[in-house]
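Before any comments, here is the structure.
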Amino acid sequence: MNWTIRQEYPSDYYAITELHALTFSYSYGMGEAVLVNILRARSTFDPELSLVCELDGQIIGHILFTPQPIRIQGSTYQGLILSPLAVHPNYQKQGIGSALIEAGHHRALHKNFALSVVLGHPHYYVRFGYQGKAWMDEQVHIPLESIYTDRIAVVRERRIELGDIPSFSLMWEHLHASSPLALIPGSSIQDWISPGAGTISTALLIDEKLSGYIRYSSTDPEKISFIVAQDSHSLLLIANYFKQKLNPLTASHLSLPLPATSYLLERFGTTFDVNISTYAEYMVKILEGPHHSKLHHHFTAFEEGSIPRGSIIWPVEFDVC
C-alpha cells in the first residue's frame, strides 16, 4: 500500500476522533478519542508530534507524542508520553503502527527529546527499543487507628484557583526534588484540574490556609491518585480529614501514593505498610542524544535494583480513559 505519514492538521480532527472510536472497542466509551482532543489543549502540545497515516484521502492511523518534562535522579529531561496509537481495524498488522512509531521517534530525536514513556504491550513495543518495568507503583497503607491528632483544625476542600498553582508546584518540588523518576506537573490551572467525570481534584485548606492538593475517585475516596501537602503536620491533618470519608466497616487503611521515604510521612513513624509493584507494560525508550549514556545508566541501575525505581502519576488528562 502506498500510504503517507504526515503531521495532523485541524481538518483531520474529525477523522482522527472517528478512528480512535473505531479502534478502541474494549469499553462502551471512547476515552482515547476524548484524550487526544484534551491533550491538544495542553500548552506543550506539538502538532508535529501528532502524526497520521493517510491512504487515498482516508486517515487509517494516528499516533500522538505529548511533550512532558520528567525528573530523574534530581535532573530534569525533556521527555514524551506516547499515547494513544490507533490503526483502523481494516488495516491492522500491515506495518502502519510500526511506521507511525518510527516516524515519531525520528521527529523526537531531531527535536532533542531525551526519552519516551508508554504504558503498552511489552511484546510489541520492545521491537522499537522500549524496555519494561521502567517505573513502579508505590502506595503507603496507613492503619486508620494510626491517624489521629490532638489539634483541632478545620480542614476543607475547595475548587482550585489560579493563584494556588505556584504553591502546588512548590509542594511538588519539595516532595520530588531528588526523585528517581517522576512526571513534572505543568504550571497551568488545567494541569491540576481533572477533566475526568469520575475524578475530584481540589485544593485543601487547613484553617483557611492553602495546605495541599489531592486527586481522588468521586465514587470511592479510598482511591487517591495524587497528593501533595505543605508539610508532614499538614498531611496528618489531611489524612485525618479523609479518614472521616471512609466506611469504617470496610476500610482499615488509608492508602496514599507517596514514596515510603517521604518526609511527609514522618508523623506516622513506622506504622504504615508499603506496597510496591511494577509491570512489563511500564515502558521507556531512551533516545539517542547527549543524555543517552546517563539515562541508560539510570535505568540499568533501576533494573538491577541498585537504586529504587520511581513512580509515574499520569497527568490529569489521562483521567478520561
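The values are calculated or read from the model by the stated rules, or taken from the named source; none is laboratory data. Please read these numbers as outputs of a predicted model, since none were measured by experiment. No Cβ is skipped: glycine too gets one built from the backbone with ideal geometry, and neighbour counts run over all protein chains shown.
Given the condition in contact (Cβ under 8 Å) with a residue 12 or more places away in the chain, assigned to a strand (DSSP E or B) and in contact with a Gly (Cβ under 7 Å, 6 or more places away or on another chain), answer yes or no: does some residue in segment 90-97 qualify? There is no residue in segment 90-97 that is in contact (Cβ under 8 Å) with a residue 12 or more places away in the chain, assigned to a strand (DSSP E or B) and in contact with a Gly (Cβ under 7 Å, 6 or more places away or on another chain). In this structure, is Asn37 outside any loop (DSSP other than H, G, I, E, B) and surrounded by fewer than 17 Cβ atoms within 10 Å (Cβ to Cβ)? Yes. For segment 6-34, residues that are surrounded by 12 or more Cβ atoms within 10 Å (Cβ to Cβ), more than 24 Å from the chain's Cα centre (by Cα) and among the small types (Gly, Ala, Ser) total 1. Looking only at residues in segment 73-89 that are in a strand (DSSP E or B) and of a type in the set (S, T, N, Q), the one that is surrounded by the most Cβ atoms within 10 Å (Cβ to Cβ) is Ser83.
Could you go through segment 48-61 and let me know if any residue there is surrounded by fewer than 13 Cβ atoms within 10 Å (Cβ to Cβ) and more than 30 Å from Gly186 (Cα to Cα). Looking through segment 48-61, at least one residue is surrounded by fewer than 13 Cβ atoms within 10 Å (Cβ to Cβ) and more than 30 Å from Gly186 (Cα to Cα). Scanning segment 240-258 for residues that are of a type outside the set (D, E, K, R) and touching a helix residue (DSSP H, G or I) at 6+ places or on another chain (Cβ under 8 Å), we see that the one that is modelled with the lowest pLDDT is Pro248.
Going through (1) over 19 Å from Ser311 (Cα atoms); (2) assigned to a strand (DSSP E or B); (3) β-branched (Val, Ile, Thr) one by one, Val118 falls short only on (1).
A search for C-beta distances below 6 Å between a residue of segment 169-189 that is outside any loop (DSSP other than H, G, I, E, B) and any residue that is small (Gly, Ala, Ser), counting only pairs 6+ apart in sequence or on different chains, returns His176/Ala182; Ala182/Gly310.
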